[in-house]
Every structure is written in C-alpha cells, then in structure tokens.
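Okay, structure first, notes after.
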Amino acid sequence: MAEIVLGIGTSHSPTLSLTPDLLPVYAERDRTNPMLSAPPDGRVRTYEELLEIADPSISERVNDDLFRQHHEIIQRDISELARTLEEANPDTVIIVGDDQEELFFDDNMPSLSIYWGESIRLIPRGANAPDPAIRASSWGYGDVEMDVPVDAELGLHLINSLIDADFDVGHCRYLKEESGGHVGASGYLPNFNRTTAPRPQGMPHAYAFVVKRLMNNNPRPIVPIIQNTFYPPNIVTPRRCYNLGQAVRSAVEAWDTDKRVAIVGSGGLSHFVVDEEIDWMALDAMKNKDAGALRSLPRNRLWGGNSETMNWVAAAGAVEHLDFELLDYVPVYRTPAGTGGGWGFARWA
C-alpha cells in the first residue's frame, strides 16, 4: 500500500524570488490590476477606490526595512521546505496548483484536470519581459529548460479512482507546441478581457515554482493536479477541494505499490489585496484539523489570487492524518492601498 508521508503548503508569487529593492517597482502593476478583490465583501475595486478606504496604518508597513525583513524570512522558509522535502525523500510528489492563462483559456477551461504524460516540459519564462521586476523574479519559476519526470502510473490511477469517487476529471498527456487564447468577462470579473498570443509554454508557474525552489532543479517524479480557482463560471469550491484531497489520499492508499508520496498545495494565500482575516481563518482551520471550517470558507473572499488558498485546502484534505506546522505567515503590504500578499509556508508531517 502506498502512503502520503508529507504535506507542504507554499505561496509561489514572483515576489518571493524578487530582491526587496525591486518590490516597489513590481507594485506599480497593482494600479492597473483588474483583480483587486478586497475584504470584507470580496468586491473588485480599482486601486484608487482601495486607497480611499484603506486603513491609514497600512502606509507604515510599506517601507524598505520591512521589505528586507520579510525577504529574509521568506527565503529561510522556502529553504526549510526544500530541506523538508529532501529529507522525506518521497518517490512521487503530487502538486495541487492552478493555471492562469498558461495552458487553459475560454476554449477549454476544465474545473479539475490531471496531467499524466511521461514527462512535462519546464520552459524558463520572463527573461525578456519589459518589466524589470518580472525579469528579476523569473528565475523562481525555473532557469533551466528540462523535461520533468511525471509518475504517469499514479496519474492514471488517480484519474480512475477519482472517476469512481464521482469526480469529473479532465486529463492531459502532452503540452501543445504553442499555447494561447482568450479569457473574457465572467462572474466577478465583468470588465476582464485578456488575450494571450500563442507562444511556447511549459508547465504552469504553480508547478515550476516547486521544481525550482523546493526541488532545486533536481526534480523527482511529480503528478500535477490542476484546479480552476481563478476563472468563473466553473471555479472549484472549498468543499470540493477538501473532498478532492480526501479522495486523493484514499486513491494513494489503494495503490498497489509501496511508494511514499508527498503532496504540495501551491499558491496563495491572499493576494492581490492582503486579507489577513481570511488567511488566518484557513490557517487556524488547518492547524485544528477543522474540516468543516475549511469546507465552508467564504467563497466571496476567495476571488483572484486569494482563490489559490483552495490548493492548500485540497492538500489539507489529503493529509488530515498528519500534524500541521506553520513555519511563517508573512503579510506583505507593498502599497498604502493594501495591495500585496499574505505569504504562507507550512508542512504536515
């Protein structure tokens, strides 16, 4: 019988691989971001609207000294998670992440999909981006082009098991030579329209971050589980994610091998506007193994980047037999309007 021996939760923002002096440069993007979903109601607001209602004390947390302190904590935590993964030495790593106009567009946007080809290509990104902050942070999603091994046997086993458990699972076995398309207005994004020109595209950033930052470019076999957390109308729900995690664990334990498996929830926590309340709501529920609280996280607080918290929720469902340890929660406010991210780093063992 296979078993899940380790769980990891990690944020994967480009700012985690960015030197702190460039964070204000990156923050300029917030002024035109159409996904600024703000607490407490989750309504999308413009940067100017956020600035009008922001707590004035936030401006005191936007300074170079804090940026440097946060950077040191974050790099230490990522290194610690990498060490934890290395010491656990699993045979396979399931990575639960999401896709943001990388592989999927409005022509085909599955709510849930599993990649089970023999390998998946990692293509370094951002080296030629016009934004200097994006160029500087791009190494965090891989700086060496490679074919990352995939545990295709486990991928197929998960698909078959999840179908039997009444999950409707899409599947992928290879990447197109070029990927691109359109994502249009829907749901909470009434004014959102974006077209991505066809271009070579490797694995999405949620998975590339794990390969580069937690596996240090020495990947062990992975199985990517892709949840649509971002784009209505078929966004996953917290309840579905937790139940998925439980079903993944059942599938692993029914797999007729002696392999040791780790699972990573990649993404989140709150961003592009910091929402410390929803972050602690999720983290406390994980610590207390409160499945009910995780299943009932308020969906109106899980739009945009916040939605990636549901990748952690799926991981939590898979490792409810293990104990949760929060290394750090680091809320980083990069503008007086409250934009930034609540970055989290945790493990279950």
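Values computed for the structure shown
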read-out: Counted residues, the stretch 288-345 - those being in contact with a Pro (Cβ under 9 Å, 6 or more places away or on another chain), of a type in the set (V, I, T) and either closer than 20 Å to L36 by Cα or surrounded by fewer than 24 Cβ atoms within 10 Å (Cβ to Cβ) (or both); value: 2
read-out: So N191, is it over 15 Å from D99 (Cβ atoms), surrounded by fewer than 20 Cβ atoms within 10 Å (Cβ to Cβ), touching a Pro at 6+ places or on another chain (Cβ under 7 Å) and not acidic (D, E); value: yes
read-out: Selected residue (criterion: surrounded by the most Cβ atoms within 10 Å (Cβ to Cβ)) from residues of the stretch 148-175 that are among the small types (G, A, S) and closer than 19 Å to P204 by Cβ; value: G155
read-out: Any strands (runs of 3 or more DSSP E) falling wholly within the stretch 55-135 and containing at least 3 residues that are closer than 23 Å to F272 by Cβ and in contact with a strand residue (DSSP E or B) (Cβ under 6 Å, 6 or more places away or on another chain); value: 92-98
read-out: Search result, residues across the stretch 221-266 that are among the small types (G, A, S) and not in a helix (DSSP H, G or I); value: A254, A262, G265, S266
read-out: Unique residue being within 29 Å of V148 (Cα to Cα), modelled with pLDDT of 95 or more and more than 20 Å from the chain's Cα centre (by Cα) when the list is G117, G97; value: G117
read-out: Yes/no for V210 being of a type in the set (A, V, I, L, M), more than 18 Å from the chain's Cα centre (by Cα) and crowded, with 21+ Cβ neighbours inside 10 Å; value: no
read-out: Residue in the stretch 17-25 that is closer than 30 Å to F324 by Cα, crowded, with 18+ Cβ neighbours inside 10 Å and in contact with a strand residue (DSSP E or B) (Cβ under 6 Å, 6 or more places away or on another chain) present; value: no
read-out: Filter result (modelled with pLDDT of 95 or more and small (G, A, S)) within the stretch 30-63; value: A54, S57, S59
read-out: A282 vs. criteria surrounded by 24 or more Cβ atoms within 10 Å (Cβ to Cβ) and outside any strand (DSSP E or B); value: yes
read-out: Within the stretch 151-208, tally of residues that are charged (D, E, K, R) and on the phi > 0 side of the Ramachandran plot; value: 1
read-out: Test: residue in the stretch 212-233 that is free of Cβ contacts under 8 Å to residues at least 60 places away in the same chain, over 21 Å from S138 (Cα atoms) and not polar (S, T, N, Q); value: yes
read-out: Residue tally, condition over 18 Å from the mean Cα position of the chain (by Cα) and over 20 Å from G338 (Cα atoms), over the stretch 59-79; value: 3
read-out: Filter result (farther than 30 Å from M1 by Cα, touching a strand residue (DSSP E or B) at 6+ places or on another chain (Cβ under 7 Å) and in contact (Cβ under 8 Å) with a residue 40 or more places away in the chain) within the stretch 136-178; value: G142, E145, M146, L175
read-out: Qualifying residue in the stretch 259-279 (condition: without any contact (Cβ under 8 Å) to a residue 60 or more places away in the chain, out of contact with any Gly (no Cβ under 9 Å at 6 or more places or on another chain) and of a type outside the set (V, I, T)); value: no
read-out: H12 vs. criteria at pLDDT 95 or above, part of a helix (DSSP H, G or I), out of contact with any Leu (no Cβ under 7 Å at 6 or more places or on another chain) and crowded, with 18+ Cβ neighbours inside 10 Å; value: no
read-out: Filter result (buried (at least 18 other Cβ atoms within 10 Å of the Cβ) and either hydrophobic (A, V, I, L, M, F, W, C) or more than 29 Å from L297 (Cα to Cα) (or both)) within the stretch 41-57; value: V44, L50, A54
read-out: Matching entry among V274, V313 (being under 25 Å from S113 (Cβ atoms) and of a type in the set (V, I, T)); value: V313
read-out: Any chance L154 is touching a Lys or Arg at 6+ places or on another chain (Cβ under 9 Å) and closer than 25 Å to M215 by Cα; value: yes
read-out: Hey, R68 of a type in the set (K, R) and over 27 Å from A27 (Cβ atoms) or not; value: no
read-out: Those residues of the stretch 297-345 which are farther than 20 Å from I8 by Cβ and of a type in the set (S, T, Y), in sequence order; value: Y333, T335, T339
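The values are calculated or read from the model by the stated rules, or taken from the named source; none is laboratory data. Fair warning: this is a prediction, and the values are worked out from it, not measured in the lab. Every residue, glycine as well, gets a Cβ built from its backbone with ideal geometry; the counts of neighbours run over all protein chains shown.
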